[in-house]
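Structure record follows, encoded as structure tokens.
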Amino acid sequence: MPSLANPTRFLDLAGRAIPWLTALTVVLFGAGLYLAFFVAPPDYQQGDTVRIMFVHVPAAWLALFGYMLIAAASLGTLIWRHPLADVAAKAAAPIGATFTFIALVTGSLWGKPMWGTYWVWDARLTSMLVLFLLYLGLIALWQAIEEPGRAGRAAAILALVGAINIPIIKFSVDWWNTLHQPASVVRLGGPTIDPSMLAPLVVMALAFTLLFVLLHLIAMRAEILRRRVRAMQLTQVEQAALVEA
Amino acid sequence: MQGLGPHAIFILAAYGVTFAAVTGLALAILADDRKQRLLLADLERKGIRRRSAGAAKTAKPARRPRP
């Protein structure tokens, strides 16, 4: 782990991991889509509409995972002030926001034929919308403050305050009477989904998770390079000022 | 469409939105990565070095031309 915490070492490791992760992600998506469309049976109540689950559920899981990653990295920024922690948090925000957007839209498209409406202001849907707005707020904050260190600390505080929304999302279906169904995969008594549908869901979830990791590695690499470019541009300006003097 | 039942449009729209969002995100991240690599390469070509890369490696500023 200490070697990973060095940006130069991280760039080297990321460069080696990215091609393998890309190949594995493509293979898993191919297998997952095949299982989702050609192997998984239609649900006895929902029919083929249940196939939306194979993109909706992984996207929702990763929306939460992305925010938990940002919250954990924020602790690293505030407590240890490690630059890679801030880089990890900043790079995860657009990815988490995209997965939250996918979860919201696919849930809405699933809700219309099953519930008869695209949207209801119930606890699960509303708390997911709050998560999306939190992601947008974090992205805006990072964009608004030019100095990366100050931006990172401000975003870390906002991210940790917003982390209270994560348990609310998870337990909203238990705490309140919602239109959204309760947990059927990650629950104490084990999954209630039939294995013929659980298997494609697990494969798609793995594919989406690898995609998240892959995009996060590339985004982190781009962010490290952006900070190097910024530092070098400042050096360039200083050198030009010296020449002028 | 027939194979996916009466709600095929919702299923296809869900997968379509997912594909478009993921592709857009991936392209944006890859474009940003490429842009930063090009900027870094350009600065290195000009002899600019980060302070942490070592002061010795820092290119000397050009002398002021004599009048």
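The values are calculated or read from the model by the stated rules, or taken from the named source; none is laboratory data. Quick caveat, the model's predicted, so the values are computed rather than measured. Ideal geometry is used to build each Cβ from the backbone, glycine not excepted, and the neighbour counts take in all protein chains shown.
Below is a table of values for the structure above.
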read-out	value
Test: residue in the stretch A:185-194 that is in a helix (DSSP H, G or I), of a type outside the set (Asp, Glu), more than 9 Å from chain B (Cβ to nearest Cβ) and in contact (Cβ under 8 Å) with a residue 12 or more places away in the chain	no
Count - residues of the stretch A:161-182 that are assigned to a loop (DSSP other than H, G, I, E, B) and either of a type outside the set (Phe, Trp, Tyr) or in contact with an Asp or Glu (Cβ under 6 Å, 6 or more places away or on another chain) (or both)	8
Subset of the stretch A:86-122 (residues that are of a type in the set (Phe, Trp, Tyr) and surrounded by fewer than 23 Cβ atoms within 10 Å (Cβ to Cβ))	A:101, A:115, A:118, A:119, A:121
Number of the exception - residue A:70 against (1) crowded, with 18+ Cβ neighbours inside 10 Å; (2) farther than 28 Å from residue A:174 by Cα; (3) among the aliphatic types (A, V, I, L, M)	(2)
Unique match (being in a helix (DSSP H, G or I) and within 22 Å of residue A:197 (Cα to Cα)) among A:63, A:89, A:73, A:85	A:63
Of the criteria (1) touching a Gly at 6+ places or on another chain (Cβ under 8 Å); (2) more than 22 Å from residue A:11 (Cβ to Cβ), which one residue A:145 fails	(1)
Pick from the stretch A:191-233, criterion at pLDDT below 90 and out of contact with any helix residue (DSSP H, G or I) (no Cβ under 9 Å at 6 or more places or on another chain), ranking: nearest to residue B:37 (Cα to Cα)	A:195
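The rows are residues; the columns are (1) within 12 Å of chain B (Cβ to nearest Cβ); (2) farther than 21 Å from residue A:144 by Cα; (3) in contact with a Lys or Arg (Cβ under 9 Å, 6 or more places away or on another chain); (4) at pLDDT below 95.
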position: A:68; (1), (2), (3), (4): no, yes, no, no
position: A:72; (1), (2), (3), (4): no, yes, no, no
position: A:77; (1), (2), (3), (4): no, no, yes, yes
position: A:94; (1), (2), (3), (4): yes, no, no, no
